[in-house]
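Asker: Got a structure for you, questions after.
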Amino acid sequence: MKIAVLSGGVGGARFLRGVRAHAREAYPDGAGGSTAAITAIVNTGDDMWLSALRIAPDLDSITYTLAGESDEERGWGRVGESERVSGELRAYGVGWPWFTLGDLDIGTHLARTSMLCDGLTLAEATDRITARWPLGVHLIPATNDEVETHVVVEDGTIMHFQEWWTRHRASLPAREFVQRNVAAAVPAPGVCEAIASADVVLLAPSNPVVSIGTVLGIPGIRDAVRSTSAAVVGVSPIIGGSVVRGMADACLTAIGVATTADAVAVHYGSRGSGGVLDAWLLGEEDAALRDTVEAAGIRASVVPLWMRDVATSGALAAAALAAAS
Ligand code: GDP
Ligand code: CA
């Protein structure tokens, strides 16, 4: 069984933990693992250079979560984290005062940056970083190229996505999201192959605009999803008209998509009519939206969408695989 998952950071990480748990149950290898091959194709639009470090928030969120190293209480970053280095950098006026990096997290960024300076690609550096833990999921950045998301706000000012998201808490109305240098970008080795050879392709319940949208925006990836022989199943990140966690509604508003589970499905579109979806999972709160989704040519299933723990995430992953067949 080969499962390819397009993913952002925190929402994607929770979902991937569920996919891994379900795969261990449904396709056991007899040693606590799974014979299923799970490949996550991860958004790199939030990546940036800061304080001489290459930072890849979504890759790291997934790595820490799957490694059991994430801070479950805070909802992001490493468990047992401290912030001494950030305090020093702030004292020197280096970096962004509103963007705190934990010390353990800085260790990851130093490792990555060091590997990139040695000539490794981001995908190669990711392989080396993730080799430290038995993740049970192969993480591939969507691209090795630096394609960073920028936000054009109402007065025309352009800023890095992280500045808009973290400093301004997505409160400045966005006019447009721009993937810098995207035209020349290519998918990382293995990305299109994983999609083409998959038995099922899943769109994690990640931000449809700046996570999944960014992955699909890398030239070649949308075509790979459109042309794979595998079924493509998306999971709604919107439950009962709300984004659950974070501020993804601000991103949807900016591109003129309502913050509803059916509007996001219609935005992705059915593969029969130029889009990327065969099937879509809606929350029980949104059962009434099933007809709109089906009218757009997308099979709809109504299932519990809340990922409260590994068990509920695993059940969601099982439902996504069931919707593929
Ligand atoms: P980010 O890169 O860290 O912003 O994370 P993602 O893009 O992967 O996912 C963020 C999205 O996950 C949020 O906008 C939520 O809509 C969605 N999300 C978070 N928790 C849940 C959950 O329990 N269930 C579902 N269905 N979606 C969730
Ligand atoms: Ca992200």
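The values are calculated or read from the model by the stated rules, or taken from the named source; none is laboratory data. All values reported here derive from a predicted model rather than from experimental measurement. Here the Cβ is made from the backbone with ideal geometry for all residues, glycine too, and neighbour counts use every protein chain on show. When the accessible area is computed, the model is the full protein with side chains, heavy atoms only, and any ligands, DNA or RNA have been set aside. Shrake-Rupley method; radii C 1.70, N 1.55, O 1.52, S 1.80 Å.
Asker: What whole-number value in Å² describes the accessible area per residue of the chain for a 1.4 Å probe?
Answerer: Per-residue value: 41 Å².
Asker: Just to be sure I understand the model, the point goes 7 Å from the Cα along the line to the Cβ. What's the resulting Tyr27 to Ile255 distance in nm?
Answerer: Going by the 7 Å Cα→Cβ label model, 2.9 nm.
Asker: On the first, second and third principal axes, largest extent first, how far apart are the outermost C-alpha atoms of region 203-298 in Å?
Answerer: That gives 31, 26, 20 Å along the principal axes, largest extent first.
Asker: Expressed as a whole percentage, what fraction of the accessible surface of region 76-194 belongs to carbon and sulfur atoms when a 1.4 Å probe is rolled over the protein heavy atoms?
Answerer: Ligands and nucleic acids excluded, carbon and sulfur give 54 percent.
Asker: While we're on this one: If you put +1 on each Lys and Arg Cβ and -1 on each Asp and Glu Cβ, how big is the dipole of region 13-57 around its Cα centre, in Debye rounded to 20?
Answerer: Once rounded to the nearest 20, the dipole reads 80 debye.
Asker: Moving on. Hey, can you grab everything whose amide H is under 5 Å from the amide H of Ser34? Only 5+ residues off in sequence or another chain; H modelled, so Pro and N-termini drop out.
Answerer: Here Asp29 satisfy the definition.
Asker: Applying a 10 Å radius around every beta-carbon, put 13-22, 30-39 in order of their mean neighbour count, most first.
Answerer: Per-residue mean Cβ counts within 10 Å order the peptides as 13-22, 30-39.
Asker: With the crude spin-label approximation of a point 7 Å out along Cα→Cβ, what separation in nm comes out for Leu110 versus Arg169?
Answerer: 3.3 nm
Asker: Within the accessible area of region 245-319, what % is carbon and sulfur when the probe is 1.4 Å and the other protein chains stay in place?
Answerer: About 55 percent, which is the carbon plus sulfur part of the accessible surface.
Asker: What residues qualify as long-range amide H neighbours of Leu50, i.e. H under 5 Å apart, gap of 5 or more or another chain, H built at 1.01 Å from N?
Answerer: Ile55
Asker: Within the chain, what percent of beta bridges assigned by DSSP are antiparallel, to the nearest 5?
Answerer: That works out to approximately 35 percent antiparallel.
Asker: Under a Cβ-Cβ cut-off of 14 Å, what is the net charge of the residues other than Ala204 that fall near it, where Lys and Arg count +1 and Asp and Glu count -1?
Answerer: +3
Asker: With θ taken as phi - 60° and the coefficients 6.51, -1.76 and 1.60, list the Karplus ³J(HN,Hα) couplings across region 47-59 in order, rounded to whole Hz; mark glycine and proline as x.
Answerer: 3J(HN,Hα) across region 47-59, in whole Hz: 5, 6, 9, 8, 6, 6, 10, 8, 10, 10, x, 6, 4.
Asker: For Ser325 and Lys2, compute 0.36 nm times the residue count separating them, minus their Cα-Cα distance, and round to one decimal in nm.
Answerer: Answer, rounded to one decimal: 114.9 nm.
Asker: Springs between alpha-carbon atoms under 10 Å, Gaussian network over the chain: tell me which of Ala23, Ala170, Ala287 tops the mean-square fluctuations.
Answerer: Ranking Ala23, Ala170, Ala287 by mean-square fluctuation puts Ala287 first.
Asker: Count charges around Ser51 for me, please; just the other residues with Cβ under 11 Å from its Cβ, Lys/Arg as +1, Asp/Glu as -1.
Answerer: Around Ser51, the charge tally is +1.
Asker: Of Thr143, Thr253, Thr44, which has the largest mean-square fluctuation in a 10 Å C-alpha GNM of the chain?
Answerer: Maximum fluctuation in the GNM of the chain, among the listed residues, is at Thr253.
Asker: For a quick size check, give me the Cα extents of the chain along its three principal axes, largest first, whole Å.
Answerer: 57, 54, 38
Asker: Only loop residues by DSSP count here, and only those with at most 11 other Cβ atoms within 10 Å; note down the trypsin sites (Lys or Arg not before Pro) in region 62-164 that meet that.
Answerer: Listed in order of number, the matching sites are Arg74.
Asker: Around Ala13, what is the net charge, scoring Lys/Arg as +1 and Asp/Glu as -1 over all other residues with Cβ under 10 Å from its Cβ?
Answerer: Net of charged neighbours comes to 0.
Asker: Now for a separate question. Could you rank the peptides 206-214, 101-109 by their average count of other C-beta atoms within 10 Å per residue, with the highest value first?
Answerer: Ranked from most to least packed, the peptides come out as 206-214, 101-109.
Asker: Using +1 on the beta carbon of Lys and Arg, -1 on that of Asp and Glu, and nothing else charged, what's the dipole of region 205-302 about the Cα centre, debye to 20?
Answerer: 320 debye
Asker: May I pose another question? Pop a pseudo-label 7 angstrom from the Cα along the beta-carbon direction at both Ser242 and Ala183 and give the gap in nm to one decimal.
Answerer: Calculated label separation equals 4.3 nm.
Asker: Would you pull out the residues with amide H under 5 Å of Gly234's amide H, same chain only if 5 or more places away, H placed 1.01 Å from N?
Answerer: Sorted by chain and number, the residues that satisfy this are Leu203, Asp278, Ala279, Trp280, Leu281.
Asker: Also, I was wondering about something else. Using only helices, what value at 222 nm comes out for the chain when you add -39,500 (n - 2.57) per DSSP H run of length 4 or more and divide by the total residues, to the nearest 500 deg cm²/dmol?
Answerer: -10500 deg cm²/dmol
Asker: Mind checking which of Ser171, Ser301, Ala196 is farthest towards the positive end of the chain's charge dipole, using Cβ charges of +1 (Lys, Arg) and -1 (Asp, Glu) about the Cα centre?
Answerer: With unit charges placed on the Cβ atoms, the residue in question is Ala196.
Asker: What dipole magnitude, in Debye to the nearest 20, does region 143-256 give about its Cα centre under +1 on Lys/Arg Cβ and -1 on Asp/Glu Cβ?
Answerer: About 240 debye.
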